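Notes for the one structure printed next.
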Ligand SMILES: NC(=O)c1ccc[n+]([C@@H]2O[C@H](COP(=O)([O-])OP(=O)(O)OC[C@H]3O[C@@H](n4cnc5c(N)ncnc54)[C@H](O)[C@@H]3O)[C@@H](O)[C@H]2O)c1
């Protein structure tokens, strides 16, 4: 949907700061929504390569029917700039996606603060560092939020919007509306917490997966299969609360009464969490490299993205609600 042409989006000119994996995905989302995208990346190599990467991604999306044949028009909306000032000046909305490093975010936000206008809204792709850690001293801090996507953002729609304690929360409905208008699925956190929601849920699963693996209960492959052929079949349709609501005759309360004690026992059995051990990491690496040699990672990532495109198309065709 070309939302700018249909006048849906109030933000028309977008700056993308940092164009690695995530920034590139964001540029695709904004451009295919019909918005003008101005990219800045500090690395000249990335500046040079980013349009070719976007072109490849758009081509793959078009080939599988997610975009119309005139996909070049989306590429034409994107410009790459050598100075951060040129990307930021006049931007209605800024999406920052530099590396996850507090020192780097602190320095990049000094520049963002200097060049944005008095109405510009800024979203940070930060995966876990809350905005309060890098926006406290900024003039524009009321209009800077975490807007955290999932990788690859142009194929997985969720974004987490997280205010800092000094954010003007009245902007949140605007950001949500904007994200909806460009095809993303926003959620809002009422306040900051490390890792936000997505990575806290993922962390709970990962921590348990590492613990089960370290203790020798099953192989990486079988633990992965438990998710890909089990839990995730439902998870692409609904979350944990709706899942359990459907899994007991009288709904969620019934489920809680029957199985609450089991989950409480499981939680108590992990009351002394341990860091992922070097030994377990070494063993998991050996198992993963046997399953997939390191030189095949890129090929497998492309396979994943092609399957995600197919899944997106499937859900779009069925008008999947949430
Ligand atoms: N990779 C993921 O799975 C994922 C998912 C969601 C969010 N994120 C978050 O998105 C952000 C970016 O992650 P990524 O995976 O795209 O990293 P990446 O390493 O692929 O890209 C980061 C980019 O930032 C650029 N950069 C560094 N300093 C800069 C500066 N001063 N100005 C402009 N550009 C600069 C780098 O050249 C690089 O191209 C991080 O905060 C990360 O936590 C990552």
Inset, instruction - Answer yes if at least one residue in the range 2-13 is within 21 Å of residue 98 (Cα to Cα), within 16 Å of the ligand (Cβ to nearest atom) and surrounded by 16 or more Cβ atoms within 10 Å (Cβ to Cβ), and no otherwise. - result: no
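If you take just the helices (runs of 4 or more DSSP H) that sit entirely in the range 183-258, which of them hold at least 1 residues that are more than 30 Å from residue 66 (Cα to Cα) and out of contact with any helix residue (DSSP H, G or I) (no Cβ under 9 Å at 6 or more places or on another chain)?
Numbers: elements: 198-214, 220-226, 232-235, 240-246.
Output list reads 198-214, 220-226.
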Legend entry - Hits in the range 264-287 (condition: under 12 Å from residue 213 (Cβ atoms) and outside any helix (DSSP H, G or I)): 276, 277
Legend entry - Failed condition for residue 152, given (1) under 18 Å from the mean Cα position of the chain (by Cα); (2) within 16 Å of the ligand (Cβ to nearest atom); (3) outside any loop (DSSP other than H, G, I, E, B): (3)
Legend entry - Residue count for the range 239-256, restricted to those that are closer than 21 Å to residue 206 by Cα and surrounded by 13 or more Cβ atoms within 10 Å (Cβ to Cβ): 2
Inset, instruction - Looking at (1) near the ligand (Cβ under 10 Å from one of its atoms); (2) at pLDDT 95 or above; (3) not in a helix (DSSP H, G or I), find the lone condition where residue 87 falls short. - result: (3)
Inset, instruction - Check the range 218-229 and report whether any residue there is more than 27 Å from the chain's Cα centre (by Cα) and surrounded by 14 or more Cβ atoms within 10 Å (Cβ to Cβ). - result: yes
Legend entry - Tally, over the range 106-134, of residues that are in contact with a strand residue (DSSP E or B) (Cβ under 7 Å, 6 or more places away or on another chain) and within 21 Å of residue 171 (Cβ to Cβ): 12
Legend entry - Options 236, 271; residue that is loosely packed, with under 14 Cβ neighbours inside 10 Å, modelled with pLDDT under 95 and either farther than 22 Å from residue 157 by Cα or over 20 Å from the mean Cα position of the chain (by Cα) (or both): 271
Inset, instruction - Can you confirm whether the range 131-143 contains a residue that is within 14 Å of the ligand (Cβ to nearest atom), in a loop (DSSP other than H, G, I, E, B) and over 15 Å from the mean Cα position of the chain (by Cα)? - result: yes
Inset, instruction - Would you mention how many residues in the range 110-129 are within 20 Å of the chain's Cα centre (by Cα) and within 12 Å of the ligand (Cβ to nearest atom)? - result: 7
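The values are calculated or read from the model by the stated rules, or taken from the named source; none is laboratory data. Given the structure is predicted, the values throughout are model-derived calculations rather than measurements. All Cβ positions, even for glycine, are placed from backbone atoms using ideal geometry, and neighbour counts span all protein chains on display.
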